[in-house]
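Input: a single structure, listed below in structure tokens.
Each value in this text was obtained by applying a stated rule to the coordinates, not by laboratory testing. These numbers come from a predicted model, not from an experiment. Neighbour counts are summed over all protein chains in view; Cβ atoms, including those assigned to glycine, are modelled from backbone coordinates with ideal geometry.
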Amino acid sequence: MTKWVYSFGAGHNEGRADMRNLLGGKGANLAEMASIDLPVPPGFTITTELCTAYYDNGRKYPGDLDAQVTAALTLVEEAVGLRFGDRDHPLLVSVRSGARVSMPGMMDTVLNLGLNDETVLGLSKASGDPRFAWDSYRRFIQMYGSVVLGVDHHRFEEIIESAKIDAGVTEDTALSPEHWQQVVAEYKEMVHSDLGKPFPQDPGEQLWGAIGAVFGSWMNPRANTYRRLHDIPASWGTAVNVQAMVFGNMGADCATGVCFTRDPSTGEDIFYGEFLVNAQGEDVVAGIRTPQPLSKLRAKPGEVSMEEALPAVYEDLVRVRTTLETHYKDMQDIEFTVQQQKLYMLQTRSGKRTAAASLRIAVEMAESGLIDRKEAVRRVNPASLDQLLHPTLDPKATRKLISKGLPASPGAASGIVVFNSDEAEMRAAKGEPVILVRVETSPEDIHGMHAARGIVTTRGGMTSHAAVVARGMGRPCVSGAGGISVDYGAQTMPCGGQVVRAGDTITLDGATGEVFLGSVAMVEPALSGDFATLMTWADGLRRMKVRTNAETPLDAETARKFGAEGIGLCRTEHMFFDPARIGVVRQMIMAQDERGRRVALAKLLPFQRDDFRDLFRIMAGLPCTIRLLDPPLHEFLPHHEAELADVAAGLGEDLDVIRRRADELKEANPMLGHRGCRLGISYPEIYEMQARAIFEGAIAATEDGGAAPVPEIMIPLIATKRELEITRAQVDKVAAEVFKETGRTIEYSVGTMIELPRAALTADKIAENADFFSFGTNDLTQTAFGLSRDDAGKFLPQYVEQGILPKDPFVSIDIEGVGALVRIAAEKGRATKNGLKMGICGEHGGDPASIAFCEEVGLDYVSCSPYRVPVARLAAAQAALGASGDKTA
Ligand code: PEP
Ligand code: MG
């Protein structure tokens, strides 16, 4: 028999925190909390395996599930002394989803389940509070109606709105028990007429309906989108948690809240959270009422903190905070309910946090001895560092404040105002910077939030959907900007005495909660403090070096600042696009013969020499891999008449001749055409010029006492051993010439890119002529898959969406196929030359999963774009630790 159901609470703890794959995060942690004697209402978890079985069997449950659920429910009844469906003392339960990793707001929840026309009377009598009983019943019909039965939630809200108008009140809380009773009657009528059948009265039917809805929600479109954005496989499934209800909505001595054991925005070690008196959990998350702070310290004028309103319970909660952090050794995100002055824990999980908070928490926990340094390095998600490497508002810049809300997720962003998520996605796809402005966001807005540079909501707190999701995505967000009133119909947002329209530019600062009109100047980040500390720890733990792909002094300097240990790829062709040079480059490729090319190359030589000298100086003494000309020549061809005329004049040729030559140079398949070492073989003078510029530049770089650079000259697109033999001989010949002319010698090496499958498969032969290999995984992916780098964007996203490929192989290396070629090449290369130096310089060099693969293959270094250098340093350390990183940051 398979065990599908695990009990927790009241002495029946069958789960543990480390069973999250089976029980989901919520279920595993409820059991764990109960086992360390925290007050957890009893309940049970139906496993993720059941979810998988349910989908595998055409959405049918296995036969033995029913009996296991009944037995677990009986344990809950015994523990709380109530019976499910009992007309006098009814047990009510919540039914919630809980996947392995948290997917905030992505799946469905039903509260107060077990209420019907009879049990509501029992609840009313037992609690002595008819208002509470009827309010709970209407909440149940509303949630069950929309989540399980699929009734539009606006329909329910309309009924409440008209009840308030009839009663002459503005707040839900001012409605009397009789009003709620009337609302319940209208709800039931509306559901009946919408669905053609009455609202289910049988608690058993209700329970199975809710369980089915949670499992069903695993495959709903918003859950699918969330999984795609966060790399969560559909096969993981969700668990379902059924738990005895506790009530935060029984009066002024009741409350519900969400808190973090440290500040999730900054990481500061303070207790941080929000609560609502007389409310149920979903009220806080939905951002319907504005919650109040937990601690007195955080309360603004007019706010009443929990510390003041419920001091004894607050003390209990503070103790729980310490217990949980010490137990889990990580910052926790906690949900709790207070029923008549008694605290209950409903959830704990590792809290989502910004990159800055993630760093600070990891460093401070290591410094206080709660975790060790290795663990601190493991804790920070390398990809999240991206958030820290981007600009913030220039403190000196002028600005016009239009509203101030909550600093929900840090970072600054400027963009045009867009009020709906579909439009945000559409305009962002066209390259427009977008700020999504909403009254509040819901899971339906995920794609718009992802597309936006920043998010502003006019309602909701620090734990509202917008705030939680934005922090997870690393988008700057201001929530609860009450000074702005959004008019979706008119596409305007009146604020601070003026009207901002859709399409106008605004700027937001997610670290302060401020929103400004127009764009505000930004400044580069300072990488000190916790960042520097963690990076130093990471550097001490990694084996692979981290270099950068750079060809301009600015990029090289940025990369050095970020800790690059040399250049892994200088794409020399990028140096040719400068307006001062492109004309000469065109003359070179359009020249009729070698003599014509040499004239043009002589003009390029001084430019290239200075380029290399500058790079070598910046990289003082570090290895620099300079790749000789690689791209298909068509990339340099003149496009317009005027450009053709310029080339003709420069070469002293007839315009028609040049036009014809341009036509001849066009290729049907340039990526597989006359490029890479094939150019160096057809036109040796090109590689000769470049080699000369490198050696002369290297010598020049040392002239004013600078450290001697270590040029590594790299030949692109090698497919055969002979190609490398020929091109290498050219380079060696030039080196000898320059050394003789100048009377100076410098150390250098000559190696090759491995970026064609044939090169990988014959790497043992190629290694005979190579001092190093650098894996060009962009071209290797292109050629291994037969997939054009320039055209894949049209269909690859669909491949990923349909699961044909797990990830975009140009972003994260395809370990199975392209990775196999890398492995073969590495092994064959080493078989010929033990200790042959190897690195990677394709885009994958900055991708944490690919970096882990490089560690496994034993590469010596990774090379990536300057802004990814810190990401790579941390990922390389985690790779060395054998860590996979985590998804919490
Ligand atoms: C590669 O192919 O991986 C590479 C680094 O070279 P490029 O992107 O310039 O073709
Ligand atoms: Mg390439």
DSSP loop (so not H, G, I, E, B), at most 16 other Cβ within 10 Å: list which chymotrypsin sites (Phe, Trp or Tyr not before Pro) in the range 471-554 pass both filters.
TYR488
Would the chain count as rounded, prolate or oblate if I go by the C-alpha gyration tensor, calling it rounded below 1.5 in a/c and otherwise prolate when a/b exceeds b/c, oblate otherwise?
prolate
Over 21 Å (Cα to Cα) - which of LYS396/LYS561; LYS721/LYS837; LYS164/LYS342; LYS352/LYS430; LYS329/LYS374 fall in this group
LYS396/LYS561; LYS164/LYS342; LYS352/LYS430
Multiply the residue separation of ALA185 and PHE739 by 0.36 nm, subtract the distance between their alpha-carbon atoms, and state the gained length in nm to one decimal.
189.9 nm
Between HIS639 and GLN340, take the C-beta separation as r, use R0 = 60 Å, and let me know the FRET efficiency to the nearest 0.05.
0.20
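Pull out a ≥ b ≥ c, the square roots of the eigenvalues of the alpha-carbon gyration tensor of the range 390-523, then state rounded if a/c is under 1.5, prolate if not and a/b is larger than b/c, and oblate in the remaining case. Please report the intermediate quantities before stating the final value.
Numbers: a/c = 1.20, a/b = 1.12, b/c = 1.08.
Verdict is rounded for the range 390-523.
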Quickly work out the ALA668-to-GLU14 label distance, labels modelled 7 Å from Cα along the C-beta direction, and quote it in nm with one decimal.
6.7 nm
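Evaluate the charge dipole of the chain about its Cα centre and quote only its size in Debye, nearest 20, assuming +1 on the Cβ of each Lys and Arg and -1 on the Cβ of each Asp and Glu.
Numbers: 93 positive and 119 negative charges, 338 e Å.
Dipole magnitude for the chain comes out near 1620 debye.
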Starting with the highest mean, order 580-588, 273-281, 702-710 by the number of other Cβ atoms within 10 Å, averaged over the residues of each peptide.
273-281, 580-588, 702-710
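Over the range 762-889, calculate the relative contact order: mean separation of alpha carbon pairs under 8 Å at least 6 apart, over the residue count, as a percent. The partial results should precede the final answer.
Details: 162 pairs, mean separation 35.5, N = 128.
In percent, rounded to a whole number, it is 28.
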Charge dipole (the chain, unit charges on Cβ, about Cα centre) - positive-most of ILE681, GLY483, TYR748:
TYR748
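When DSSP assigns beta bridges and you keep just the ones with both residues in the chain, what percent turn out antiparallel, to the nearest 5?
Working: 64 of 102 bridges.
In the chain, approximately 65 percent of DSSP beta bridges are antiparallel ones.
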Separation of the GLU308 and LYS296 label points, Cα + 7 Å toward Cβ, nm
0.9 nm
Could you list the residues of the range 71-95 with an amide nitrogen less than 17 Å from a label point located 7 Å from the Cα of LEU195 in the Cα-to-C-beta direction?
95
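Pick out, in residue order, every one of the trypsin sites (Lys or Arg not before Pro) in the range 229-335 that is DSSP loop and has at most 16 other C-beta atoms within 10 Å; say none if there are none.
Values: sites: ARG262, ARG289, LYS296, ARG298, ARG319, ARG321, LYS329; in loops: ARG262, ARG289, LYS329.
Answer in residue order: LYS329.
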For the residue pair ASN220 and ASP656, what label-to-label distance in nm results when each label sits 7 Å from Cα along the Cα-to-beta-carbon direction?
7.1 nm
Calculate, for GLU282 and GLU157, the FRET efficiency according to 1/(1 + (r/R0)^6) with r their C-beta to C-beta distance and R0 22 Å; round to the nearest 0.05.
0.95
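Nearest 5 percent is fine: what portion of the DSSP beta bridges confined to the range 410-531 is antiparallel? Provide the component values of the computation, followed by the final result.
Numbers: 15 of 24 bridges.
The answer is about 60 percent antiparallel.
Based on the Cβ-Cβ distance of ALA831 and ALA729, what FRET efficiency does E = 1/(1 + (r/R0)^6) give at R0 = 22 Å, to the nearest 0.05?
Values: r = 24 Å, r/R0 = 1.09.
Computed FRET efficiency for ALA831 and ALA729: 0.35.
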Amide H of MET522 versus every other amide H placed in the peptide plane: which residues, excluding those fewer than 5 positions away on the same chain, fall under 5 Å?
ASP394
Can you give me the span-like helices of the chain, meaning DSSP H runs with 20 Å or more of Cα extent along the axis and Kyte-Doolittle mean at or above -0.5?
65-80, 203-217, 311-328, 684-703, 818-832
